[in-house]
1. Being touching a Phe, Trp or Tyr at 6+ places or on another chain (Cβ under 7 Å), free of Cβ contacts under 8 Å to residues at least 40 places away in the same chain and either open to solvent by 20 Å² or more (accessible area, probe 1.4 Å) or not polar (S, T, N, Q) (or both) is the requirement here; does Q247 meet it?
2. Of all residues in region 190-205, count the ones that are touching a helix residue (DSSP H, G or I) at 6+ places or on another chain (Cβ under 6 Å) and either part of a helix (DSSP H, G or I) or among the hydroxyl-bearing types (S, T, Y) (or both).
3. Out of (1) modelled with pLDDT of 95 or more; (2) over 27 Å from G245 (Cβ atoms), what's the single condition that is false for D97?
4. Taking only pairs six or more apart or across chains, which ones have beta-carbon atoms under 6 Å, a first residue in region 53-79 that is farther than 21 Å from R41 by Cα, and a second residue that is part of a loop (DSSP other than H, G, I, E, B) and modelled with pLDDT of 95 or more?
5. If I ask for residues that are over 19 Å from the mean Cα position of the chain (by Cα), closer than 21 Å to W229 by Cα and of a type in the set (G, A, S), which ones from region 278-321 would you list?
6. Which condition number does G262 fail, the rest of (1) assigned to a loop (DSSP other than H, G, I, E, B); (2) open to solvent by less than 60 Å² (accessible area, probe 1.4 Å); (3) closer than 26 Å to G210 by Cα; (4) modelled with pLDDT of 90 or more being met?
7. Out of A313, A308, A291, A279, which single residue is outside any loop (DSSP other than H, G, I, E, B), surrounded by fewer than 17 Cβ atoms within 10 Å (Cβ to Cβ) and on the phi < 0 side of the Ramachandran plot?
8. List the number of the failed condition for V269; all other conditions in (1) in contact with a Cys (Cβ under 8 Å, 6 or more places away or on another chain); (2) free of Cβ contacts under 8 Å to residues at least 60 places away in the same chain hold.
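The values are calculated or read from the model by the stated rules, or taken from the named source; none is laboratory data. Being a predicted model, the structure only gives us computed values, none of them experimental. All Cβ positions, even for glycine, are placed from backbone atoms using ideal geometry, and neighbour counts span all protein chains on display. Note: accessible area is taken over every heavy atom of the protein model, side chains too, but ligands, DNA and RNA are not part of it. Shrake-Rupley method; radii C 1.70, N 1.55, O 1.52, S 1.80 Å.
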Amino acid sequence: MSKSALITGITGQDGAYLAKLLLEKGYQVHGMHRRTSTDSRERLTDIVDQIQLHHGDLLDELSILRLLEKTEATEVYNLAAQSFVPISWEEPVHTADVTALGVTRLLEAIRQVNPQIKMYQASSSEMFGKVQETPQTETTPFWPRSPYGVAKVYGYWITVNYRESYDMFVCNGILFNHESPLRGKEFVTRKITDAVARIKLGVQTQLSLGNLDAYRDWGFAGDYVNAMWLMLQQETADDYVISTGEQHSVREFCDIAFASVGLKTEDHVVTDPRFFRPAEVNTLLGDSSKAQSKLGWQRKVDFQQLVAMMVEADLQRVEQEIQTQG
């Protein structure tokens with residue numbers, strides 16, 4: 001009998017990569033997504049006929065409970081959240097309700113339906129915020145610098161609390177920034193590669209960004225979803241930092257992306273104060289030694305390969321747009 005997995009937030013970047021991974025491993029894959037007026041399944045186009053999609057919402061515990069009963073999932077991956085940091089200042093209450101309390105609703109539904117279900121909680125390097133030590137590990141104190149980061153800290157600790165209170169197999173993956181060609185255009189990395197493609201192909205002239213000197217630990221989302229799966233295959237539940245152990249600035253990301261198409265950052269990028277955060281996170285750098293030693297996890301795509309992959313995908317996308325419009 002094949003395993004059954006439920007992925008909340010399956011229509012997002014991580015959900016799409018994770019769904020493909022689980023299908024390759026022989027799982028029955030169920031995905032929960034919110035009912036919207038537009039089709040949000042574009043990232044799932046090549047596998048949509050191999051998975052089962054269900055409407056549900058982390059704001060509605062009853063919908064989660066019914067979905068757990070219906071799917072008989074043995075593993076749950078909670079990737080759903082209001083995950084765009086800048087929006088969390090504009091919608092702090094909504095961010096808290098989904099990204100923080102939504103985790104409690106899911107944990108409580110699991111506890112009521114079947115406490116033997118294993119759960120992965122998508123925690124975030126944004127919890128470290130104003131970093132207290134470098135690099136950041138599983139024992140580094142949290143100091144979040146956004147409503148999103150604060151909500152993720154709550155989600156982290158309520159997961160730990162349910163594990164310790166009810167002996168449930170629930171894990172936190174503290175994932176540092178992870179990108180791919182499936183990343184949303186609102187995120188800075190994809191904003192950069194999309195603009196590089198448009199500038200190269202003559203449909204855009206400049207790119208407006210915020211803090212070019214913010215440093216991040218960037219990896220490939222396809223590598224990181226493998227770590228999620230590995231966490232739920234262990235004998236005991238635990239929490240893990242997933243990162244590359246390298247950091248690069250937004251400026252360096254720009255330089256590599258523009259150089260890959262024969263252009264220069266300084267000719268096209270302008271700094272716009274509107275894109276600065278009210279409270280900046282200036283540097284993040286993770287230490288994934290624990291995941292490497294205990295899970296056997298390793299990244300396969302390095303930083304240069306990641307940037308090149310994203311630029312190439314956006315060049316193809318924009319070329320298709322131009323052809324369609326023409």
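1. Yes: the conditions hold for Q247.
2. The total comes to 6.
3. Only one criterion is unmet by D97, namely (1).
4. So the pair list comes out as E75/L232.
5. Of everything in region 278-321, those that are over 19 Å from the mean Cα position of the chain (by Cα), closer than 21 Å to W229 by Cα and of a type in the set (G, A, S) turn out to be S289, S293, G296.
6. Of (1) assigned to a loop (DSSP other than H, G, I, E, B); (2) open to solvent by less than 60 Å² (accessible area, probe 1.4 Å); (3) closer than 26 Å to G210 by Cα; (4) modelled with pLDDT of 90 or more, only one is false for G262: (2).
7. Details: A313 fails: surrounded by fewer than 17 Cβ atoms within 10 Å (Cβ to Cβ); A291 fails: surrounded by fewer than 17 Cβ atoms within 10 Å (Cβ to Cβ); A279 fails: outside any loop (DSSP other than H, G, I, E, B).
Only one candidate passes the filter, namely A308.
8. (2)
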